Each structure stands twice: as structure tokens, then as C-alpha cells.
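These notes are about the structure you will find just below.
The values are calculated or read from the model by the stated rules, or taken from the named source; none is laboratory data. All values reported here derive from a predicted model rather than from experimental measurement. Positions of Cβ are backbone-derived with ideal geometry, glycine not excepted, and every protein chain shown enters the neighbour counts.
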Amino acid sequence: MEEGVFSLSPREGWVPLTEVPLLVLVGLTGAGKTTLAQALGLPTLPNRRELTDRFVLGEPVADRVERFRRVAAWREDHPGGLAELFAKGYVPANGLWLFDGLRGEGELEYALKALPRARFLVLELDNETRLLRLLSRGDGFDRAAASGELRRVAQGVVSEEALEKALRLASPEEVERKLRIVAEEAKNYGYGGVRRVLSGLPRVLFLDAKKPVPELVQAVRRFLEQG
């Protein structure tokens with residue numbers, strides 16, 4: 001990630017984000033956005049987490065579920081979500097920039113209109129696989145409270161088979177913490193809304209996030225070569 005390359009105020013030699021080519025990652029936690037971004041090796045803007053801490057929350061918030069709730073409250077006055085803030089930014093004129101990322105129906109509808117030079121990579125992944133990835137990746141950011149309600153939280157989010165597989169990897173408390181993140185994201189930024197907004201558009205590439213990273217990189221490069 002490039003330091004000091006995003007501002008909400010004009011700077012000498014910088015240009016509005018609305019005027020630069022962008023590649024925007026779309027996907028939920030565990031879909032592999034960070035891994036793909038690193039593999040692509042493109043100049044990268046501050047990510048969603050950093051922009052949210054700085055401009056939306058005003059501080060880091062450790063509990064992921066609490067973050068979702070506070071951002072959801074902010075979105076009541078900003079239906080375009082983080083895309084509203086992002087589209088007001090300025091960056092150095094540096095060719096193609098990569099941004100990780102936007103989520104949900106409202107953000108993507110806003111971004112399609114406000115960022116005319118943006119193209120979108122949608123990394124799709126089911127809840128079960130996302131849960132297993134969160135349990136194994138060891139990211140300190142994946143924090144949420146547990147209340148001993150694992151089975152209730154799992155209802156409608158993952159299958160019983162997937163839950164049993166998760167419980168072979170971690171304690172019930174740890175599975176519940178990660179499952180709450182998966183459930184809250186699915187509620188706020190489900191892939192159904194993403195499909196409704198982005199399906200069929202030439203500016204969009206849908207990717208199966210279960211595929212090996214080299215295959216995804218090749219698909220993205222072909223997509224970019226199409227102009």
C-alpha cells in the first residue's frame with residue numbers, strides 16, 4: 001500500500017479520483033482480496049479499513065461486529081456508503097490504481113455513477129469457506145465477542161456440516177466469534193445485491209475465489225487487456 005496517496009482536499013499535482021483509472025476489489029472478509037491485490041502488484045490506495053477508521057469512525061474499533069453497526073448507522077445518512085467518501089478523494093496521477101474495496105448494493109450503485117473510469121473485480125465466496133478461512137488465517141483484525149449462542153448464530157448462515165468442520169479447527173467460542181463476522185457481513189453486504197447491481201456490465205469481472213491465485217491473476221490481466 002502506498003503511503004500518503006489519498007486526500008479529501010486538492011493538492012498540487014494530484015487529480016480527482018473521478019478522473020483516474022481504478023480497479024476496485026469487491027468481496028467479503030475471507031474472499032482473498034488482499035492476497036489477490038498483492039499478486040497483481042499494482043499501485044494500491046489506502047484500503048477500506050484505513051479509510052473507515054480515519055473518516056467514518058474517527059478511531060480504530062477492534063470488534064468487527066461493532067464496526068459493522070457503527071458503519072451501518074453512518075450509512076443511514078450516506079446511502080452510497082464508503083463510495084461517497086472515496087469518490088471525493090484526490091490521488092497522484094499515477095496510471096491505474098487498485099482499491100480494496102467496496103461492498104454492497106448501495107456502494108456499488110453510487111460508484112458506478114461517480115467513478116466512470118473504475119472497473120470492478122468481484123471475488124465471490126460462500127459463507128462456509130469464508131468461515132474456515134477466517135479460522136485459519138490468524139488475522140488479529142478478525143475480532144468479535146462471543147456469547148455462547150453458536151447454534152443460533154449459525155442458523156441460516158452456514159450448514160450443520162460446515163459448522164462441525166469448523167469445530168474441528170477451533171473452540172466453540174472462537175468459531176462463534178468468526179461466525180458473527182461472517183453473518184454480519186452477509187447481512188449488510190450480501191452478494192445478492194452485488195449481483196443485482198453489477199451483473200452483465202463490461203466494467204465488471206466476477207471471479208470464483210476458490211480458484212488458485214495464479215488463475216485469478218491471469219483472468220484479471222486478460223480483463224485489463226480488453227481495455
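Values computed for the structure shown
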{"item": "Failed item, numbered, when E184 is tested on (1) in a helix (DSSP H, G or I); (2) at pLDDT 90 or above; (3) of a type outside the set (G, A, S)", "result": "(2)"}
{"item": "Test: residue in region 179-197 that is surrounded by fewer than 17 Cβ atoms within 10 Å (Cβ to Cβ) and over 14 Å from N127 (Cβ atoms)", "result": "yes"}
{"item": "Matching residues in region 159-170 - criterion: being more than 24 Å from the chain's Cα centre (by Cα) and either surrounded by 12 or more Cβ atoms within 10 Å (Cβ to Cβ) or not assigned by TED's automatic domain parsing to the domain that holds L131 (or both)", "result": "K165, L167, L169, A170"}
{"item": "Options G156, G148: the member that is in a loop (DSSP other than H, G, I, E, B), farther than 26 Å from G106 by Cα and not assigned by TED's automatic domain parsing to the domain that holds G30", "result": "G148"}
{"item": "Qualifying residue in region 97-104 (condition: farther than 19 Å from S7 by Cα, out of contact with any Phe, Trp or Tyr (no Cβ under 9 Å at 6 or more places or on another chain) and part of a helix (DSSP H, G or I))", "result": "no"}
{"item": "Hits in region 12-36 - residues which are assigned to a helix (DSSP H, G or I) and either surrounded by fewer than 20 Cβ atoms within 10 Å (Cβ to Cβ) or of a type in the set (G, A, S) (or both)", "result": "T18, E19, T34, T35"}
{"item": "Residue match in region 84-94 (condition: assigned to a helix (DSSP H, G or I), at pLDDT 85 or above, under 25 Å from L121 (Cα atoms) and among the small types (G, A, S))", "result": "no"}
{"item": "Every pair of residues 6+ apart whose Cβ atoms lie under 6 Å, when the first sits in region 204-220 and is touching a residue at least 12 places away in the same chain (Cβ under 8 Å) while the second is aromatic (F, W, Y) and surrounded by 14 or more Cβ atoms within 10 Å (Cβ to Cβ)", "result": "V204/F120; L205/F223"}
{"item": "Some residue of region 155-167 being over 30 Å from F120 (Cα atoms) and modelled with pLDDT under 90", "result": "yes"}
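Results for (1) under 20 Å from S9 (Cα atoms); (2) surrounded by 19 or more Cβ atoms within 10 Å (Cβ to Cβ); (3) out of contact with any strand residue (DSSP E or B) (no Cβ under 9 Å at 6 or more places or on another chain); (4) among the aromatic types (F, W, Y), shown as yes or no for each residue.
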site	(1), (2), (3), (4)
F55	yes, no, yes, yes
A62	no, no, no, no
E66	no, no, yes, no
P79	no, no, yes, no
A87	yes, no, no, no
F99	yes, yes, no, yes
K113	no, no, yes, no
